[in-house]
Amino acid sequence: MTKSKSAYSVAGKKEKLDTHIIVVWVDNEAGVLARVVGLFSGRGYNIESLAVAEIDSKLNISRITIVTTGTPQVIDQIKLQLKKLVPVHKVADFKREDKQVIFKEMALFKFVGNNNKRGKALNACKKYNAVILDKTNKSCVIQITALRREIDKMSKNLKKFGLISVSRTGAVAMTRGAETFK
Amino acid sequence: MPKLLSGAEIVFKCLEDQNVEFIFGYPGGAVLPIYDELKNHSSIKHILVRHEQGAGHAAEGYARSSGKPGVVLVTSGPGATNVVTALTDAYMDSVPLVCISGQVPTHLIGTDAFQECDTTGITRPCTKHNWLVKDIKDLSKIIHKAFEVATTGRPGPVLVDIPKDIQFQKTDYPKFKKKNKLNGKVHNHFLQKEIDELVKLMSKSKKPIFYTGGGVINSGPKASELLRELVAATGFPITSTLQGLGCFPGDDNNFLGMLGMHGTYEANNAMHDCDLMINIGARFDDRITGKIDEFSPKSKKVHIDIDPSSINKNIKVDLPIVGDVQSVISSIIKTIKRTKPNFVKSNKQQISKWWEQIGKWREKKSLDYINSNETIKPQYAVQRLYELTKNKDTFITTEVGQHQMWAAQHYKFDKPNRWMTSGGLGTMGYGLPAAVGVQIAHPKKLVVDIAGEASVLMTIQEMSTAVQYNLPIKIFILNNEYMGMVRQWQELLHEKNYSESYTAALPDFVKLAEAYGCVGIRAKTPDELDDKIIEMINTDRPVIFDCLVDKQENCFPMIPSGKPHNQMLLGPKDQEQNKITGKGKTLV
């Protein structure tokens, strides 16, 4: 392929990407999610997962949790650009490795198969706070809460026990201890 | 019980309370109730444009030259989509605009109704914020908030989308109190510690430079005054971006001219070799920095900006100062006076070698060109225009391309708010409607749009607006029959393959002027140029000036793509020794 002739600047050296969890407190109003998500897509930032829901109905505040990857410079830009949005109140940023922060995702697994297989599946799920939500003589639906990579692994490994459907949320995060993020 | 007002009346009440004098707009079905109300508000004058993009650029010209927000009024659907270019332009160049758009009635939203479009969806990425008014009770609050968002912090465009049924509904209008407290998105809390650190760097520096931008202009005329004081108090050299021209006198000895892709040799070399770069209200745009890896490798960089997201976005800096330019410069001057009263004297010796070096670069005379007796050189045309208008407090707008760069290089500004150009977005067709807006804001002043024949045709219909309102704008077209900048790049970088850059069928601009009901003047030779320019200046009507210039002239100096600041391409004489290599081609 011939080199493109029409780009003013050459891309700089590729830097190492870190995974960060960005938490955004926003006014719960029409279009606010589109503003946040549009900022990411418009500026070429990455979204690995997204979770959003209203957390204070009186003050009308929603909390958006976004898992993203980027160079330190990009992560800084994400925070600063988010803070410029009018409905954004505050922005928190945690590294995935941060021990002071709890990250959780939830997943629903549907298994179809005989008793034996389903028993094995339930066993495998046990260490991730498994809850059986539905049960018939052919199938069951199990809820687990775990880290992203654990759910990734589970949904791969459980195929053999009749896993036919997976539904999962984005990560939510909260700091450990008595402090909250100001 | 308070008097109930319709949504349309509330719109005007808000505009009156915001001291709006002019609206640039175009009527249509979904804004008819607002247009119906116009006659009852004599303090607000509506300027009818010929295309909504023109309304947006005219409002930009108005805002940039007056320091007040520009107000635009358009209908739903095509009215709103036509204004998108102007909103994006204003967003890139930080111009405060408030755009009010009509929308189909609330109950029809989402049904693909006639002239419906998702206006807030379309304009979300090109405004600071936008609102769809769903409840008449929110209307006044939203409009006042819109003005606040547009004008505070880093200014920019906002849009308020008002469905037609909301314009008819009635509610009360609470008395407007201007808030002193800002919306929390404005950052002006820099620390004295940071200023002290900067003054320390300044007193140590042997090769300092000020690199100033549009932020100085946006901070208000006082910021420009303070900047002059700061330069006088330090004796440092200063260069400016395209948007910053006018915040420092263009003919002052400390001024090195514009920097960047078509900046002067001395400005770009000084940026490359300096040991202290003080960026005031500029944003390290790619047309300024060139190759980022080799941008000013030996300098400490200081960045003064009101927008925290501008810091470290393109270039990592050593000392960021987030704040309004005017207050920051004022603090710097105070600190210098207090801690180093003899700064200039003690500093003069220290930076004398630096000035010697700058003098050597200046000797290159990088803006020189080979003049001709037969054809008008475009640079010569701009120089003559400057000489013949410089004593008149002239306002200049431009389109985008070679003529824009020649105007920036050869027209010397000495006051802020006199130079209106589309820098960030680079919108061809900006200059003519912008001149309309400038002339509205300054009815008695000389307003000249330095244009190219290709650009001006994109919004030529606004001549009709100029004629309707007796706006004596001067459209000074440097006519080379080519999209000049495209042609130049094709010549230098694409083996002279002039693909689609020649306009084979141009209108006769003199006849076109007459058709619009204004005056057409044509200059063909250098001998007649001065007389014709004087004729243009003395005509108290809109003029289209068709200046036939050299068709092959290129805009130099130029940083060839892929090269750092200290490897510029100078004029025709220098070019022979300095061919652009294959690798450089990738970079334009």
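Some notes on this structure:
- Rounded tilt (10° steps) of B:352-362 against the dominant C-alpha axis of chain B: 80
- Gain on full stretching of the segment that runs from B:Gln461 to B:Asn373 - 0.36 nm per residue minus C-alpha separation: 28.2 nm
- For the segment B:123-134, counting C-beta atoms of other chains within 10 Å of every residue's C-beta and taking the mean gives 3.
- Simple point charges give the picture: +1 on the Cβ of Lys and Arg, -1 on the Cβ of Asp and Glu, and for chain B a dipole about the Cα centre of about 2420 debye.
- When the GluC sites (Glu not before Pro) in the range B:455-502 are filtered for DSSP coil states and for at most 13 other beta-carbon atoms within 10 Å of their beta-carbon, the remaining sites are B:Glu495, B:Glu500.
- Of A:His89, A:Ala178, A:Ser167, farthest towards positive along the dipole that unit charges on Lys, Arg, Asp, Glu beta carbons give chain A: A:Ser167
- Entries of A:Lys16/B:Lys301; B:Lys415/B:Lys444; A:Lys99/A:Lys120 with Cα pairs more than 21 Å apart: A:Lys16/B:Lys301; A:Lys99/A:Lys120
- Normalised contact order of the range A:100-182, rounded percent, pairs of Cα under 8 Å and 6 or more residues apart: 47
- Residues whose amide H falls under 5 Å from that of B:Lys300, counting only those 5 or more places apart or on a different chain, are B:Leu276, B:Met277, with hydrogens built in the peptide plane.
- Candidate cross-link partners of B:Lys532 among the aspartates and glutamates, defined by an alpha-carbon separation under 15 Å and a same-chain spacing of 8 or more, comprise B:Glu387, B:Asp540, B:Asp546.
- When the helices of chain B are scored as -39500 (n - 2.57) per DSSP H run of n ≥ 4 and the total is divided over every residue, the value at 222 nm lands at -11000 deg cm²/dmol.
- Helix-only [θ]222 nm of chain A, DSSP H runs n ≥ 4, -39500 (n - 2.57) each, per residue, nearest 500: -7500 deg cm²/dmol
- Taking the charge dipole of the range B:105-228 about its Cα centre, with +1 at Lys and Arg Cβ atoms and -1 at Asp and Glu Cβ atoms, the residue from B:Val160, B:Val186, B:Gly110 reaching farthest to the positive side is B:Val186.
- For the range B:499-541, the Cβ-based charge dipole about the Cα centre amounts to some 160 debye (Lys, Arg positive; Asp, Glu negative; other atoms uncharged).
- Legend: mean number of C-beta atoms from other chains within 10 angstrom of residue C-beta atoms, peptide A:76-89, equals 4.
- C-alpha long axis of helix A:115-125 to longest principal axis of chain A, angle in °: 40
- Reduced Cα scattering model of the protein assembly as shown, Debye log10 I(q)/I(0), q = 0.11 Å⁻¹: -1.28
- Calculated FRET efficiency for the pair B:Phe176/B:Asn253, C-beta based, R₀ 41 Å, to 0.05: 0.25
- Based on the reciprocal of the average 1/r between different C-alpha atoms, the Kirkwood radius for chain B equals 25.0 Å.
- Segments A:19-29, A:47-57 sorted - mean Cβ within 10 Å per residue, highest first: A:19-29, A:47-57
- Between the range B:114-147 and the range B:293-340, the Cα center-to-center distance that results, in Å: 35
- Loop sites by DSSP among the trypsin sites (Lys or Arg not before Pro) of chain B, restricted to those with at most 11 other Cβ atoms within 10 angstrom, leave B:4-174 as the longest stretch without any of them.
- Within the range B:1-127: Cβ-based charge dipole about Cα centre, in debye rounded to nearest 20 (Lys, Arg +1; Asp, Glu -1): 260
- For the range B:403-412, the Karplus equation 6.51 cos²θ - 1.76 cosθ + 1.60, evaluated at θ = phi - 60°, returns couplings of 4, 5, 5, 5, 4, 5, 7, 10, 9, 9 Hz by residue, with Gly and Pro reported as x.
- Gap separating the Cα centres of the range B:234-288 and the range B:403-465, nearest whole Å: 22
- Chymotrypsin sites (Phe, Trp or Tyr not before Pro) within the range B:1-71: DSSP coil, no more than 13 neighbouring Cβ in 10 Å: none
- Area accessible to solvent at B:Ile47, 1.4 Å probe radius, in Å²: 0
- For the range B:1-77 versus the range A:81-158, the inter-centroid distance based on Cα atoms is 53 Å.
The values are calculated or read from the model by the stated rules, or taken from the named source; none is laboratory data. In this text, all values refer to a predicted model and were calculated from it rather than measured experimentally. Ideal geometry is used to build each Cβ from the backbone, glycine not excepted, and the neighbour counts take in all protein chains shown. Heavy atoms of the whole protein, side chains included, go into the accessibility calculation; ligands, DNA and RNA do not. Shrake-Rupley method; radii C 1.70, N 1.55, O 1.52, S 1.80 Å.
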